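The numbers here are math on the coordinates, done by the rules we state, and not lab data. Model, not experiment: these values are computed from the prediction. Using ideal geometry, Cβ is built from the backbone for each residue, glycine included, and neighbour counts are taken over all protein chains shown.
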Amino acid sequence: AGYGVRIVANYLPIKSPWLNPIEPKWVHAKRRVVEPARLLSAEELIERVYAAFDCPPDIPLTLAQEAA
């Protein structure tokens, strides 16, 4: 009477940019965003990511307390 569920694990390579379409864009943007000599603050990181992708900052989306 009960139905089983079959789960198949598909292992992906650790580094697989061809499977993730944002990866080629992020590699170039990452070089413009990060600094190897120091850790960026959250605000600074956000500003640099928006600048790297040349897009205006958006207000972060939030969930209502009832939905969470």
Quiz item: Which whole-Hz ³J(HN,Hα) couplings does region 39-53 yield from phi under the Karplus relation 6.51 cos²θ - 1.76 cosθ + 1.60, θ = phi - 60°, glycine and proline marked x?
Solution: 8, 7, 6, 4, 5, 5, 5, 4, 4, 5, 5, 4, 5, 5, 8
Exercise. Quick one: dipole size for the chain, taken about the Cα centre, charges +1 on Lys/Arg Cβ and -1 on Asp/Glu Cβ, in debye to the nearest 20.
Key: 480
Exercise. Could you list the trypsin sites (Lys or Arg not before Pro) in region 5-41 that lie in coil according to DSSP, counting only those with at most 14 other Cβ atoms within 10 Å of their Cβ?
Key: Arg6, Lys15, Arg38
Practice problem: Set Lys and Arg Cβ to +1 and Asp and Glu Cβ to -1, take the dipole of the chain about its Cα centre, and tell me which of Asn20, Leu45, Ile59 lies farthest positive. | Solution: Asn20
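What's the extension gain from Leu19 to Ile7 if we count 0.36 nm per residue and subtract their Cα-Cα distance?
So the extension gain works out to 2.2 nm.
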Quiz item: If you project the alpha carbons of the chain onto the principal axes, what extent comes out on each, in Å, largest first?
Solution: 59, 39, 23
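Which GluC sites (Glu not before Pro) in the chain sit in a loop by DSSP (not H, G, I, E or B) and have at most 16 other Cβ atoms within 10 Å of their own Cβ?
Loop-located and lightly packed - Glu66.
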